[in-house]
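The values are calculated or read from the model by the stated rules, or taken from the named source; none is laboratory data. Every value quoted in this text rests on a predicted model; they were computed, and no experiment measured them. Heads up, the Cβs are rebuilt from the backbone with ideal geometry, glycines too, and the neighbour counts pull from every protein chain shown. Accessible surface is based on the protein model in full, side chains and every heavy atom, while ligands, DNA and RNA are left aside. Shrake-Rupley method; radii C 1.70, N 1.55, O 1.52, S 1.80 Å.
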Amino acid sequence: MTVLERVAVIGGGTMGAGIAQVYATVGAEVTVVESDGAAAEAARDRIAAGLARTAERGKLPVPAEAVMQRIHLITQIDGIPSTVQLVVEAVPEKPELKVAILAAAEKALPAGAVLASNTSSLSIAELGSALELPERFLGLHFFNPVPASKLVEIVCARQTRDDVRDLAVQWVRSLGKTDVVVRDSPGFATSRLGVTLGLEAIRMLEEGVADAAAIDHAMELGYRHPMGPLRLTDLVGLDVRLAVAEYLHVKLGERFAPPQLLRDKVARGELGKKAGHGFYHWD
């Protein structure tokens, strides 16, 4: 197995911080790229908080201080170390932003490095359209919260080389996570199915079929889902779910049309757990 020793993560938000944490925990030196000094400090705080939560659950195999020593914050993509083996882009789900970030990251990569996007739904082929070497690019779709989630969806475009896919599989398994390898298509496997369920749950709430807790309990107890679709939407972020639904609506048709209730909540700033209110109130 190829040992992953040096990783860069572009974007230190919720997902980027989680990705940085899990790779640093298994021993990799991790460089996190943020937009400025304040954002970099906020990213450091997120990683430290994530480590504290993991330790509280008894799931942190090494001291948090040792993990933090392997985290390095920078504010310029061209400062990514020349020895990096993997770069994961984890910026917001805006195609133009991701394409620009990925193109800039490619210029900083050594020849043998792998470039990945954490996108949950955007086409890997389209994101890689501005790259000079799209064959070393693929999707690594981590799930929130990254340290606790067992799954990583590996998304391969037609251009993705087999050896790049195989390295990604090894690196995911080194985290103690399970991989699923899927073909590049709108929403991949997980977002396409997850958004379908989430949107229907929102429509049911909108139509007064049942309240949020009843809908969620029906799926948790009746179908053994660990979390109901409305609570999960709060965790993911209603704005994120809306953006993905809008993209899938364009690509796949009316079955992904966002319900008006979802649009209204996002417009009011009721974005879920991160805002303190979504389909539930969060302390």
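Tell me yes or no: at least one residue of segment 266-283 is surrounded by 20 or more Cβ atoms within 10 Å (Cβ to Cβ), within 22 Å of Pro186 (Cα to Cα) and of a type in the set (A, V, I, L, M). Looking through segment 266-283, none of the residues is surrounded by 20 or more Cβ atoms within 10 Å (Cβ to Cβ), within 22 Å of Pro186 (Cα to Cα) and of a type in the set (A, V, I, L, M). Applying the criterion of being out of contact with any helix residue (DSSP H, G or I) (no Cβ under 6 Å at 6 or more places or on another chain) and acidic (Asp, Glu) to the residues of segment 156-189, the residue that is most open to solvent (accessible area, probe 1.4 Å) is Asp162.
Scanning segment 4-39 for residues that are in contact with a Gly (Cβ under 7 Å, 6 or more places away or on another chain) and open to solvent by 10 Å² or more (accessible area, probe 1.4 Å), we see that the one that is farthest from Ala100 (Cα to Cα) is Ala39. Against the list (1) aliphatic (A, V, I, L, M); (2) open to solvent by 30 Å² or more (accessible area, probe 1.4 Å); (3) under 15 Å from His141 (Cβ atoms); (4) at pLDDT 95 or above, the condition Val240 fails is (4).
Checked against the criteria, Arg136 does not count as over 20 Å from Pro95 (Cα atoms) and over 11 Å from the mean Cα position of the chain (by Cα).
Of all the numbered requirements in (1) assigned to a helix (DSSP H, G or I); (2) over 17 Å from Tyr280 (Cα atoms), Val180 misses one, and that requirement is (1).
Is there a residue in segment 85-93 that is touching a helix residue (DSSP H, G or I) at 6+ places or on another chain (Cβ under 7 Å), in contact (Cβ under 8 Å) with a residue 60 or more places away in the chain and part of a helix (DSSP H, G or I)? For segment 85-93, residues touching a helix residue (DSSP H, G or I) at 6+ places or on another chain (Cβ under 7 Å), in contact (Cβ under 8 Å) with a residue 60 or more places away in the chain and part of a helix (DSSP H, G or I): absent.
Taking the numbered list (1) over 24 Å from Gly79 (Cβ atoms); (2) basic (Lys, Arg); (3) outside any loop (DSSP other than H, G, I, E, B) in turn, Arg44 passes all entries but (1). Reported count of residues in segment 145-155, each being open to solvent by 30 Å² or more (accessible area, probe 1.4 Å) and under 30 Å from Gly253 (Cα atoms), is 2. Of all residues in segment 110-142, those satisfying the criterion of being assigned to a loop (DSSP other than H, G, I, E, B) and open to solvent by 50 Å² or more (accessible area, probe 1.4 Å) are Ala111, Gly112, Glu132, Leu133. Here Arg192 qualifies as more than 26 Å from Leu133 (Cα to Cα), open to solvent by 60 Å² or more (accessible area, probe 1.4 Å) and of a type in the set (Lys, Arg). If I ask for residues that are in contact with a helix residue (DSSP H, G or I) (Cβ under 9 Å, 6 or more places away or on another chain) and open to solvent by 50 Å² or more (accessible area, probe 1.4 Å), which ones from segment 221-235 would you list? If the condition is that a residue be in contact with a helix residue (DSSP H, G or I) (Cβ under 9 Å, 6 or more places away or on another chain) and open to solvent by 50 Å² or more (accessible area, probe 1.4 Å), then His225, Pro226, Met227, Arg231, Leu232 are the ones that fit.
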